[in-house]
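Enquirer: I have a structure I would like to understand better, so I am pasting it below and will then ask my questions one at a time.
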Amino acid sequence: MILGLETRLGMKRGINIRGAPYDYRYSPNTKVGQQYMIRLKYLVEETYELNDNTPVMIVAHSMGNPYMVNFLSLMEQKWKDKYIKGYVSFAGVFGGASKAIRSIMSGETEGLPEIIVDPLTMREFERTSPSVYWLFPTPNVMKDLPLVIANGRNYTASQYRQLLEDAKVDKGAELYDYIQDVPLFLPDLGVDVYCMHGINQTTPLQFRYKEGAFPDKYPTTITGNGDGTVNLPSLQLCKQFKRLKHYQAVSGFLATHLEILQRDDVI
């Protein structure tokens, strides 16, 4: 996408293409997350001034979208009217993703074979990251759908605390409670919004554990619709933005969670 902006639109890195990477381990309410918000505000203002007082278009992908939801909700409307032209969302995790549950329960290797990456080793790291709990699918998108089936019990999005206790996740319930007041989605951000995401990709949805395998063995994964990473109801929340100017769901070639940024029509 950046290469396309340079070659097709003549934009320049460091001038009118500027990055704002964040530490994905931390949710916005952590000290690290709060410091990021301050730096992002200064970056937007500096970019505005570098480009002859031209309002800035914010572009976010994946978990960067909930981060932008929190950032824009913190900014005063007067500031947004001056500095922000709009906000473009790609593959927004606005209602969480089921994969986050599997990360905490049994470890997530992102498709790498266990001979290379041990899921339980990854799990130790993932269980300490507030952001993973922040991305648990929300009850408003998953309703009463069982997300984890283990030891004769069905766990829904309203039963995460019990799930974490039964899985004996150290400080899991505490970390889950810590992020409860941090929204993944808010409909009124006070800026124009443009949204694109993939559909019709096989996406992890539910996890079924064999008797006695919970949580240390990898579960059988039941899939549903989405972009390969984020479930469709979560992606579709972007249709609820109050100032939505464009919405596009794409399927087929280059429609997965990561590949979507390679599409020609994102420019």
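Enquirer: Straight distance only, please: which aspartates and glutamates reach the Cα of residue 82 with their own Cα at less than 15 Å, same-chain residues fewer than 8 apart left out?
Expert: 45, 46, 49, 52, 192
Enquirer: What Kirkwood radius, in Å to one decimal, follows from the Cα pairs of the chain?
Expert: About 19.5 Å, per the Kirkwood formula over Cα pairs.
Enquirer: Shifting gears a bit: How big is segment 121-192 by Rg and Dmax over its Cα atoms, in Å?
Expert: 13.9, 47
Enquirer: How do the peptides 239-249, 91-101, 150-160 rank, highest first, by the average count of neighbouring beta carbon atoms within 10 Å per residue?
Expert: In descending order of packing, they fall as 91-101, 150-160, 239-249.
Enquirer: Ranked from highest to lowest mean number of other Cβ atoms within 10 Å per residue, what is the order of the peptides 79-88, 15-24?
Expert: Packing proxy ranking, top to bottom: 79-88, 15-24.
Enquirer: Of 143/210; 41/99; 12/80; 80/171; 99/210; 85/239, which pairs sit farther than 28 Å apart, going by alpha carbon to alpha carbon?
Expert: Beyond 28 Å: 41/99; 80/171.
Enquirer: Please list the non-local residues whose amide H lies under 5 Å from the amide H of residue 247, H modeled 1.01 Å from N, same-chain partners needing a gap of 5 or more.
Expert: When sequence neighbours closer than 5 places are left aside, the close amide H contacts are 195.
Enquirer: Moving on to the next point. Nearest 500 deg cm²/dmol is fine: what mean residue ellipticity at 222 nm does the chain get from its DSSP H runs of n ≥ 4 alone, each adding -39,500 (n - 2.57), divided by its residue count?
Expert: One gets -9000 deg cm²/dmol as the mean residue ellipticity at 222 nm.
Enquirer: State the percentage of accessible surface on the chain attributable to carbon and sulfur atoms; use a 1.4 Å probe and exclude ligands, DNA and RNA.
Expert: Summing carbon and sulfur atoms, their accessible area is 51 percent of the total for the chain.
Enquirer: In debye, nearest 20: dipole of segment 135-267 around its Cα centre with unit charges on the Cβ of K, R (+) and D, E (-)?
Expert: Dipole about the Cα centre, nearest 20: 280 debye.
Enquirer: Could you give me the ³J(HN,Hα) list for segment 226-237, computed from phi with Karplus coefficients 6.51, -1.76, 1.60 and θ = phi - 60°, whole Hz, x at Gly and Pro?
Expert: Here the 3J(HN,Hα) series is x, 10, x, 10, 9, 6, 4, x, 5, 4, 6, 4 Hz.
The values are calculated or read from the model by the stated rules, or taken from the named source; none is laboratory data. Computed from a prediction, not measured in an experiment: that's the story for all the values here. Cβ: placed from backbone, ideal geometry, glycine included. Neighbour counts: every protein chain shown. To get the accessible areas, we keep the full protein, side chains included, count just its heavy atoms, and leave off ligands, DNA and RNA. Shrake-Rupley method; radii C 1.70, N 1.55, O 1.52, S 1.80 Å.
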